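The values are calculated or read from the model by the stated rules, or taken from the named source; none is laboratory data. It should be emphasised that the depicted structure is a prediction, and the values quoted were computed from it without experimental measurement. When we count neighbours, we look across all protein chains shown, and the Cβ atoms used for this are built from the backbone with ideal geometry, even at glycine. Side chains included, ligands, DNA and RNA excluded: accessible areas come from the protein's heavy atoms. Shrake-Rupley method; radii C 1.70, N 1.55, O 1.52, S 1.80 Å.
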Amino acid sequence: MKYLLMIQGNQAAHEAMTGKPSPGYPAWSEQDMQAMFSHMGALNDDLAENGELVDGNGLAEPAKTRHVLAGKDGKPVITDGPYGETKEVLAGYWVIDCAGLERATEIAARAAACPVPEGTICSPIVIRPILDAPEA
């Protein structure tokens, strides 16, 4: 079964990682960044070794996001980020192929245990099953 594990985040969390703190998001040190990279690298290595990793990436900051909607006149309505009305956005993801929801939950729990600076507001990791395409 395939699952999409989505790491939620926001612009303030991204800015904290680049040294710009705000309430609930203390600035990350180089050591904090290395601890995160080490944790996530070990998780990715284990998933790849187990044959469970299909794909995974972190995403650019929300400020580099663009929303595109169909306008009433047929022309696209384009909005650049960040979005004040959106508290959290997708910050990164894994596509995994594993035995089932319990295993996907174990993997998400391991990802959620990533070290962060003390006082950081932690964002959830969302698990969504990926539906198989219907047979033709």
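Over the chain, Cα pairs under 8 Å with separation of 6+ residues give a relative contact order of 44 percent.
Non-local lysine pairs in the chain, meaning eight or more places apart or on different chains, with alpha-carbon distances under 22 Å, amount to 4.
Can you tally the net charge around V54? Count Lys and Arg as +1, Asp and Glu as -1, for every other residue whose Cβ sits under 12 Å from the Cβ of V54.
Working: positive: K2; negative: E52, D55, D97.
Every neighbour counted, the sum reads -2.
Only the Cβ atoms of Lys and Arg (+1) and of Asp and Glu (-1) were treated as charged; on that basis the dipole of the chain about its Cα centre amounts to roughly 560 debye.
Projecting label points 7 angstrom from Cα along Cα→Cβ for N57 and K87 puts them 2.8 nm apart. Taking all protein chains in place and a 1.4 Å probe, what share, in percent, of the accessible surface of the chain do carbon and sulfur account for? Summing carbon and sulfur atoms, their accessible area is 55 percent of the total for the chain.
Relative to the current alpha-carbon distance between R128 and N50, full extension at 0.36 nm per residue lengthens the span by 26.1 nm. Computing FRET efficiency as 1/(1 + (r/R0)^6) for I78 and E30, where r is the C-beta to C-beta distance and R0 is 35 Å, gives about 0.45. Would you give the gap between the C-alpha center of the stretch 98-119 and the C-alpha center of the stretch 32-97, rounded to a whole Å? About 16 Å separates the Cα centre of the stretch 98-119 from the one of the stretch 32-97.
Think of a 1.4 Å ball rolled over the protein heavy atoms: the stretch 1-84 then has 64 Å² of accessible area per residue. In terms of the Cα gyration tensor, with a ≥ b ≥ c the square roots of its eigenvalues, is the chain rounded because a/c is under 1.5, prolate because a/b exceeds b/c, or oblate? Oblate, because a/c is 1.5 or more while a/b does not exceed b/c. Here is the list for the stretch 96-136: GluC sites (Glu not before Pro) lying in DSSP coil, each with at most 10 other C-beta atoms within 10 angstrom of its C-beta, are E118, E135.
Within the set of other residues whose C-beta is less than 13 Å from the C-beta of V68, count the net charge using Lys and Arg as +1 and Asp and Glu as -1.
Residues close to V68 contribute a combined charge of +1.
When you filter the trypsin sites (Lys or Arg not before Pro) in the stretch 1-82 for DSSP loop state and at most 11 other Cβ atoms inside 10 Å of their Cβ, you are left with K72.
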